[in-house]
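Visitor: Take a look at the following structure, please.
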Amino acid sequence: MTGTTTRTPPRSREALEATLLFSSRDQPGLVARLSGFFYERGINIVDATNFTDVHGERGPRFFMRLVVDLGPDFAEQPARDAMEQAFRTIVGAPLEGEWSIAYGDRVARIALMVTRDPTCLYDLALRQRQGELPCEIALVVSNHPLLEDAARAFQLPFFVLPVTPETKAAQEASVLALFREHRVELVVLARYMQVLSDSFLQDAPPVINIHHGFLPAFQGARPYHQAHSRGVKLIGATAHYATKDLDEGPIIEQDVTRISHAMGPDELVRIGRDVERVVLARAVGAHLRRRVIVEGRRTFIL
């Protein structure tokens, strides 16, 4: 099967939409099986995208994103539970599929983690306030008090939890407790300048991180100044899911912009911040709109 995308006219605001993400071993009839399940229940498909990866490590794999208009019959949880159980029995289990479904009448609660740089905090908070990001920012967590006023300007709860090498385990435990208390479903590292432990990442909700990207790579302090000294011609940024392997998690979004020899280190920093905030916002938006399927170390954005 090759990748396809279809879209019907926009629905009314009263429509109750649900988004299904599905993946399985590629085999004949998958689109028919998935779409037929909803057709048989009188559920209209309003958006559909599918792709078959013939180069997967597990052999050819099929990926699909379906957005359906459930209508008033599925306003209550028991009806949704019954539909999910039927899908599991009729489609998911027989096809050995991996799948999840989310409903459009609720938005995800996210946490922002910051340190000293306010760029991504301002950008994400403004986009959420303007309706560009379908989420609720439940809280902002920082290891420094510097950005408290920025968070308060958006009326966001702000928590300061300082960290040192000696207190790292206790601090991370406190952060996880805050996530549980505030029912956080996604964590965004909005320039949080601390390396998260493997145990933290295992217990936390999905975590999205942003970092600069150069060729060659410049690690450590003042990477933009290092890039300037080497005459770099492109500045880039990568947003990815955080894993125990630093900056090597599944990539969600990337972008680059060209620079010139006439630009000084401070201008490179400014341009780099612009790229980083846009790339991070795109990645967070893709996750919130349930367009991302993770397969091993790769992602498929449908």
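The values are calculated or read from the model by the stated rules, or taken from the named source; none is laboratory data. Keep in mind that what you see is a predicted model, and the values were worked out from it rather than measured. Virtual Cβ from ideal backbone geometry, glycine too; neighbours counted across all protein chains shown.
Visitor: What pairs can you find where one residue is in segment 263-276 and surrounded by 14 or more Cβ atoms within 10 Å (Cβ to Cβ), the other is acidic (Asp, Glu), and their Cβ atoms are less than 6 Å apart, with a gap of 6+ or different chains?
Guide: 275/255
Visitor: Tally time: how many residues in segment 224-260 are part of a loop (DSSP other than H, G, I, E, B), of a type in the set (Asp, Glu) and in contact with a Ser or Thr (Cβ under 9 Å, 6 or more places away or on another chain)?
Guide: 1
Visitor: Scan segment 213-221 and tell me whether some residue there is in contact with a helix residue (DSSP H, G or I) (Cβ under 8 Å, 6 or more places away or on another chain) and in contact (Cβ under 8 Å) with a residue 24 or more places away in the chain.
Guide: No: segment 213-221 contains no residue that is in contact with a helix residue (DSSP H, G or I) (Cβ under 8 Å, 6 or more places away or on another chain) and in contact (Cβ under 8 Å) with a residue 24 or more places away in the chain.
Visitor: Looking only at residues that are aliphatic (A, V, I, L, M) and in a loop (DSSP other than H, G, I, E, B) in segment 80-117, which one is surrounded by the fewest Cβ atoms within 10 Å (Cβ to Cβ)?
Guide: Among those residues, the one meeting the criterion is 93.
Visitor: Still on this model: Does any residue in segment 19-34 that is in contact (Cβ under 8 Å) with a residue 60 or more places away in the chain and over 21 Å from residue 294 (Cβ atoms) come within less than 7 Å, Cβ to Cβ, of a residue that is outside any strand (DSSP E or B) and of a type outside the set (Lys, Arg) six or more places away or on a different chain, and which pairs are these?
Guide: What qualifies is 33/91; 33/95.
Visitor: Taking the criterion of being aliphatic (A, V, I, L, M), assigned to a helix (DSSP H, G or I) and assigned by TED's automatic domain parsing to the domain that holds residue 284, would at least one residue in segment 13-36 satisfy it?
Guide: No; the residues of segment 13-36 include none that is aliphatic (A, V, I, L, M), assigned to a helix (DSSP H, G or I) and assigned by TED's automatic domain parsing to the domain that holds residue 284.
Visitor: Could you tell me which numbered condition residue 159 fails, if it satisfies all but one of (1) of a type in the set (Phe, Trp, Tyr); (2) assigned by TED's automatic domain parsing to the domain that holds residue 210; (3) under 27 Å from residue 29 (Cβ atoms)?
Guide: (3)
Visitor: Moving to a separate point now. Do we have any residue at all in segment 219-236 that's out of contact with any Cys (no Cβ under 8 Å at 6 or more places or on another chain), exposed (fewer than 14 other Cβ atoms within 10 Å of the Cβ) and closer than 23 Å to residue 286 by Cα? I'd like the intermediate steps shown before the answer.
Guide: Within segment 219-236, the subset out of contact with any Cys (no Cβ under 8 Å at 6 or more places or on another chain) is 219-236.
Now restrict to residues that are exposed (fewer than 14 other Cβ atoms within 10 Å of the Cβ): 219-222, 229-231, 233-234.
Right, trim to closer than 23 Å to residue 286 by Cα and you get none.
No, the conditions are met nowhere in segment 219-236.
Visitor: Looking only at segment 126-155, filter to residues that are more than 20 Å from residue 181 (Cα to Cα) and of a type in the set (S, T, N, Q); which one of those is surrounded by the fewest Cβ atoms within 10 Å (Cβ to Cβ)?
Guide: Among residues in segment 126-155 that are more than 20 Å from residue 181 (Cα to Cα) and of a type in the set (S, T, N, Q), the one surrounded by the fewest Cβ atoms within 10 Å (Cβ to Cβ) is 130.
Visitor: Out of segment 225-241, which residues are within 30 Å of residue 300 (Cα to Cα) and touching a helix residue (DSSP H, G or I) at 6+ places or on another chain (Cβ under 6 Å)?
Guide: Residues satisfying the conditions are 235, 237, 239.
Visitor: Please verify whether segment 62-78 includes one or more residues that are among the aromatic types (Phe, Trp, Tyr), over 22 Å from residue 300 (Cβ atoms) and not in a loop (DSSP other than H, G, I, E, B).
Guide: Looking for residues that are among the aromatic types (Phe, Trp, Tyr), over 22 Å from residue 300 (Cβ atoms) and not in a loop (DSSP other than H, G, I, E, B), one finds at least one in segment 62-78, hence yes.
Visitor: If you check residue 221 against the conditions, is it assigned to a strand (DSSP E or B) and in the same structural domain as residue 138 (by TED's automatic domain parsing)?
Guide: Taking the combined requirement at face value, the residue does not satisfy it.
Visitor: Please go through (1) touching a strand residue (DSSP E or B) at 6+ places or on another chain (Cβ under 8 Å); (2) in contact (Cβ under 8 Å) with a residue 12 or more places away in the chain; (3) of a type in the set (D, E, K, R) for residue 152 and return the number of the only condition it doesn't satisfy.
Guide: It is condition (2) that residue 152 fails.
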